[in-house]
Amino acid sequence: MTDSAADAFESEFIEFQKRLAYLRESRTFVTDELGRDEWMEAALLELEVATEELKVRQEELISWADQVAAEKSPAELERLLLRAAFTGSPFPTLIVTGDDGVIRRANAAALALLDVTQSYAAGRPFPVFADLRFRAALRSALAAASRTGEARTVRMRLVRRRLPPVDVTLAIARLDLPGERPHLLIGTSVVPPLEPLPPSGPEIRPAREDVLSSWARLLLSPGFSLGLAAGALREALADWVRVDLVDQTGAWRPAAAVAGEGLPAGGDRPLDLSRRVAESGRMALESPLGDLGVLGEDADGVPVAARLGVGSLVCVPLVARRAMGAVTIARRGGARRPLSLAEAGLLRELGDQLALRLDLDELLA
């Protein structure tokens, strides 16, 4: 649409608005006996004029859009071609940025390989999808490719949410974009087969009912203890369990219960994660695990999560009449499937019941 045509349309539109204003004003004076037919005829005439004018403008817009599409520069067409090639490539490919390898773009094959959606992947550091044993090597390869501009290859194991882990060899190359910080192109020749996802409902429902039933019996048993509760949670859901409690004065106890080989009790202070979850009242789910320092450090200064090989964890608050603490469960990475949102929800239910039992003990003490 030309500037002159746009100016003409604006002028006609202003006049049209004025005529509509006159019609609205005159409507208060029109009666069934005098002027009604003439007023309705004028209103219909204005509608017909507006319809014809809109048809003309629609044809002009269509013609203008076709002209713009036909006049795309070769560079624009090349950009569209490359974008289509990236998106439709059968090989998993990612574009990441920053030292942490934050995912900016992922094609359909990469999303299928990682077993995630576009909204889940975007903005998430790519190394969180790596098995802990390969994560440091991947970060170093990303940093080296970004710094030197030389292509790198690295072998690693991808941890997926619902599918088994897969070993891949990644090729990493730097992309230099004008006016922007360097990006990295990550690709692999692994084409994921069509793997059926396990049905979530029918398979986990019997296990869920069994866990809830046995948990209720444990909470009501005369020999109940936090140690037994932690052991039951470990057997049902995880490799390691820790319970941190806070008393009525707001003071946190040392680790009230720990279950799992190699998990330190943490001395006389709770996990920082437990404090945050208890104060916010919101569950924390890390699946796959992104922050190696989330469980703190051991006596040697090594992150506990790294020493234990944690692949995923869930921390839920214990809340009854007041905030009573938090329960943290962790599952080893590698061959084991990461903790799912359904399992996190189950732990939240178990935590609510445990909080009620602890609250009752406090009332009867």
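The values are calculated or read from the model by the stated rules, or taken from the named source; none is laboratory data. All values derive from a computational prediction rather than experimental measurement. Don't worry about glycine lacking a Cβ; one is built from the backbone with ideal geometry, like all the others, and counts go over all protein chains shown. The protein model used for the area step is the full one, side chains on, heavy atoms only, and it has no ligands, DNA or RNA in it. Shrake-Rupley method; radii C 1.70, N 1.55, O 1.52, S 1.80 Å.
Quick rundown of the values:
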item: Solvent exposure, largest accessible area first (probe 1.4 Å, DNA, RNA and ligands not counted), of Ile62, Ile186; result: Ile62, Ile186
item: Mean Cβ neighbour count within 10 Å, used as a protection proxy, ranking 29-40, 300-311 highest first; result: 300-311, 29-40
item: Listed peptides 150-156, 342-348 by packing density, highest first (mean Cβ within 10 Å); result: 342-348, 150-156
item: Unit Cα scatterers, Debye sum, segment 138-190: log10 I(q)/I(0) for q = 0.17, 0.24 Å⁻¹; result: -0.57, -0.89
item: Taking the chain and dividing mean pair separation by its residue count, relative contact order in percent (alpha carbons under 8 Å, at least six apart); result: 11 percent
item: Alpha-carbon Rg/Rh ratio, for segment 275-349, with Rh computed the Kirkwood way; result: 1.00
item: Probe 1.4 Å, protein heavy atoms only - accessible area per residue of the chain in square angstrom; result: 58 Å²
item: The chain - mean residue ellipticity at 222 nm from DSSP helices (-39,500 (n - 2.57) per run, n ≥ 4, rounded to 500); result: -16000 deg cm²/dmol
item: All Cα pairs of the chain, percent lying beyond 28 Å; result: 62 percent
item: Calculated SAXS-style log₁₀ I(q)/I(0) at q = 0.11, 0.12, 0.15, 0.20 Å⁻¹ - segment 213-365, Debye, Cα scatterers; result: -0.38, -0.45, -0.72, -1.31
